[in-house]
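Report on one structure; see the data block that follows.
Since every read-out is calculated from the coordinates, none of them should be taken as a lab result. Nothing here was measured: the structure is a model prediction, and the numbers come from that model. FYI the Cβ positions are ideal-geometry reconstructions off the backbone, even for glycines, and counts take in every protein chain you see.
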Amino acid sequence: MHAGAPVSTAARRPIRALPEELISQIAAGEVIERPASVVRELVDNALDAGATEITVRLAAGGVRAIAVEDDGSGIPADELALALQRHATSKIGSLAELESVATLGFRGEALAAIASVAEVAITSRAAGAPHALRLDARSGELAPAARATGTTVEVRELFFATPARRKFLKTDATELAHGVEAVRRHAIAHPEVAFFVWHDGKPVAQWRRGSAEQRVRDALGEDFLRGSRALDAAAAARAVPLRGPNAVCGLSGRVGLPDAARARADLQYLYVNGRHVRDRLVAHALRSAYDDVLHGQRQPSWLLFIELDATRLDVNVHPAKMEVRFRDGRAIHEAVRRAAEAALALPRAEVARPALFEPNEASAPVAYPAPAKQQPLRLVAGEPRFAWPGEPAAAAVPPDAPVDRPAGQPLGRALAQLGGIYILAENDEGLVIVDMHAAHERVVYERLKAALAERQADGIEAQPLLIPASFAATAAEIAAAESHVETLRRLGLDVAPLGPGMLAVRSQPAALGGGDAVALARAVLAELAQHEASEAIARAQHEILSSMACHGAVRANRRLTIDEMNALLRDMERTERADQCNHGRPTWRQLTLKDLDARFLRGR
Ligand code: ADP
Ligand code: MG
């Protein structure tokens, strides 16, 4: 069959075993998509070999040539030819080892796949070997060579024998960018290894050995560090055990602040046991941590490292090892969401000097004033804050009361109101400008949410429907309803099978009474089927609270006294997520004295 001639289904041909070469080329199709895939596999191998320095050289975006050189363990002379064989690996030898893989590679396929779609040569010297050997994959020729312990794999003319594949490649510049990105992904997780990337004889990227923080700064940029917060592993530990049989052993990394969100999801990195992967469950958990503070299509940036017992993880689910499967997806989802949510909830004013990485253990729980007993609520007329029954309305928080926090009062002391919209305040750094409606709206909203959460500690109150609402359900919806009965109950939903292909909603959350029970149930089931968790009900409730808060918050042009302004500032300091209003916009900005000096050209 030649290119372009489709196989006719009309004239059947006898079944034949495919030639070995074609089998490899078919397998390569899954693993090697572009030069960057080759880079990824070769750097995987170098890291598995314990390299401390890895140099990647690319020519014409990697299409013409890729060479990866490492100072790892090297390959003994008598194993060199085996390295190129399919299903030949030094990394696993049994099913038990497959189930607890600790290396990046384990399929024994990469080098064979690459050699079936490119010209490959391996030069390697094992520790203690008298000299290196170079093996040409095509000719099988073996020749002595000079190099120190370690391995160099050269790959030339990618897809030379499969021109159809070659046509899918983009410009050299694009392929180069993908190649550099492949190295960056490894570099982020391996600060103990130095990486150098060259293109057409010129250095294009380098990451020197250093601390984890330094590597993140070098690989992702200072802006990412400034615009992000360390994940709160202690918050995850409170929700999911960090020790014991189902433990999420380690969770660390950083989440970008809402105002650092991007148009594309291009700054989202997940590592599971040091392996860079994509994962919808984790991405969903992280996105739901931003539900309240990031609206529309903006994409948050994040860097997340999850460490798990290798047996709690299936790494053998994707040919290019780009995905993993968690045994306990529910716990992972919960831990990730809580850790991200807690990091984002901390008002910015609280974070005096942001730490790059918080300790990964529950050793330093964030000292945060717990919301007081908070129900029922009432809005005190003429006051920019809520008061609780029995609480003196006006001065529950004396405006000048010292706040038990060494940073004093991060949002400072109110000076004046501007344009009926902004509060101007002075702190140690300079001028603080607060959007009073947006800020108050968030304060009110968080109070309402806390009150609701407290009332729902044992699950959301359910209200039986007078007439159960039945609907024709998909197999996936029925399966989700059957396997998440308890989760549904806690969400205030009773969804049960009603004959073949039918589900019936018998109760729904009381707080959402009157809504479309079927639409709600289907949204929840869809999320449960896909992510093992559903935030749909919380979202629906929060929408209601959010519009209540909007109506309850001080309006523009309301004159506030200095005391009222100070009370709002103190409230903001105590309120989670106070840096964004309910629509994701900032509630306050700092103009430092340095900013002002610069505007007035002082000190020049
Ligand atoms: P896998 O990594 O899944 O084992 P590969 O085809 O990538 O499969 O490599 C086959 C084998 O060749 C590896 O198991 C390893 O023993 C050896 N090998 C490949 N690259 C290197 C390297 N850079 N340094 C040392 N050994 C290597
Ligand atoms: Mg490999």
Check: Any idea what angle helix 536-552 forms with the longest principal axis of the chain, computed on alpha-carbon atoms, 0 to 90 degrees, nearest 10?
Finding: 40
Notebook entry, point to check: Whose amide H sits under 5 Å from the amide H of Ser470, counting only residues 5 or more places off or on another chain, with H placed in the peptide plane?
Noted result: Val505
Margin query: Can you give me the long-range amide H partners of Gly492? Hydrogens built in the peptide plane at 1.01 Å from N, cutoff under 5 Å, separation of 5 or more residues or another chain.
Written below: Ile460
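Summing -39500 (n - 2.57) over the DSSP H runs of n ≥ 4 in the chain and dividing by its residue number, what mean residue ellipticity at 222 nm do you reach, to the nearest 500 deg cm²/dmol? It would help to have the intermediate numbers written out before the result.
Details: 19 runs with 200 residues, N = 604.
Value at 222 nm, helices only: -10000 deg cm²/dmol.
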Next item on the list: Along Cα→Cβ, 7 Å out, is where each label goes; now give me the distance between the ones at Lys167 and Arg325 in nm to one decimal.
Entry: 3.5
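Round to the nearest 0.05 the FRET efficiency obtained for Ala556 and His295 when R0 = 25 Å and r is the Cβ-Cβ distance. List each step's numbers first, then the result.
Working: r = 21 Å, r/R0 = 0.83.
Once the sixth-power term is evaluated, E becomes 0.75.
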Item checked: Straight-distance crosslink candidates among lysines, where the alpha carbon sits under 20 Å from Lys91 and sequence neighbours closer than 8 are dropped -> Lys321
Check: Tilt of helix 172-189 relative to the longest C-alpha principal axis of the chain, in degrees (0 to 90, nearest 10)?
Finding: 70
Check: Using the Cα gyration tensor of the stretch 135-222, with a ≥ b ≥ c the square roots of its eigenvalues, what is the shape: rounded (a/c below 1.5), prolate (a/b larger than b/c) or oblate (neither)?
Finding: oblate
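For the stretch 1-98, what is the charge dipole size about the Cα centre, in debye to the nearest 20, if Lys and Arg each add +1 at the Cβ and Asp and Glu each add -1 at the Cβ? The partial results should precede the final answer.
Working: 9 positive and 14 negative charges, 164 e Å.
Computed charge dipole of the stretch 1-98: roughly 780 debye.
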Note to self: Which order do the peptides 111-122, 15-26, 453-464 come out in when sorted by mean C-beta neighbours inside 10 angstrom, highest first?
What the structure shows: 111-122, 453-464, 15-26
Next item on the list: Kindly identify the stretch 530-604 as rounded, prolate or oblate by the Cα gyration tensor criterion: order the square roots of the eigenvalues as a ≥ b ≥ c, call it rounded if a/c is under 1.5, otherwise compare a/b with b/c, prolate if a/b is larger, else oblate.
Entry: oblate
Check: Order of 437-444, 101-108, 137-144, 294-301 by packing, highest average Cβ count within 10 Å first?
Finding: 437-444, 101-108, 294-301, 137-144
Check: Which far-off residues, 5 or more places away or on another chain, put their amide H under 5 Å from the one on Ser90, with H placed in the peptide plane?
Finding: none
Margin query: Output wanted: per-residue J couplings in Hz (rounded whole) for the stretch 478-489, from phi through Karplus 6.51 cos²θ - 1.76 cosθ + 1.60, θ = phi - 60°, x for Gly and Pro.
Written below: 5, 4, 5, 5, 6, 8, 10, 3, 5, 4, 4, 4
Notebook entry, point to check: Can you list the lysines whose alpha carbon is less than 21 Å from that of Lys449, not counting same-chain residues fewer than 8 positions off?
Noted result: Lys373
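With +1 assigned to the C-beta of every Lys and Arg and -1 to the C-beta of every Asp and Glu, and no other charges, what is the dipole magnitude of the chain about the Cα centre in debye, to the nearest 20? Can you show the working numbers first?
On the way: 73 positive and 76 negative charges, 223 e Å.
With Lys and Arg at +1 and Asp and Glu at -1, about 1080 debye.
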Check: Counting Lys and Arg as +1 and Asp and Glu as -1, what is the net charge of the other residues whose Cβ lies under 11 Å from the Cβ of Gly150?
Finding: -2
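I need the shape label for the stretch 1-121. Rule: rounded when a/c is under 1.5, else prolate if a/b > b/c, else oblate, with a, b, c from the alpha carbon gyration tensor. The partial results should precede the final answer.
Working: a/c = 2.46, a/b = 1.51, b/c = 1.63.
Verdict is oblate for the stretch 1-121.
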Checklist line | HN-Hα J in Hz across the stretch 80-97 - Karplus 6.51, -1.76, 1.60, θ = phi - 60°, x for Gly and Pro | finding: 4, 5, 5, 4, 8, 7, 5, 6, 10, 8, 9, 9, 9, x, 8, 4, 4, 5
Next item on the list: List, in order, the whole-Hz ³J(HN,Hα) value for each residue of the stretch 251-262 obtained from phi through the Karplus relation with A = 6.51, B = -1.76, C = 1.60 and θ = phi - 60°; use x for Gly and Pro.
Entry: 9, 8, x, 9, 10, x, 5, x, 6, 9, 5, 10
Next item on the list: For the chain, find the longest principal axis of its Cα atoms and tell me its angle to the long axis of helix 517-531, 0 to 90°, nearest 10.
Entry: 40
Checklist line | Most positive-pole-ward Cα, Ala110, Gly140, Asn427, against dipole of the chain from beta carbon charges | finding: Asn427
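In debye to the nearest 20, how big a dipole does the stretch 86-220 give about its Cα centre with +1 on each Lys and Arg Cβ and -1 on each Asp and Glu Cβ?
Details: 19 positive and 15 negative charges, 31 e Å.
Value, rounded to 20: 140 debye.
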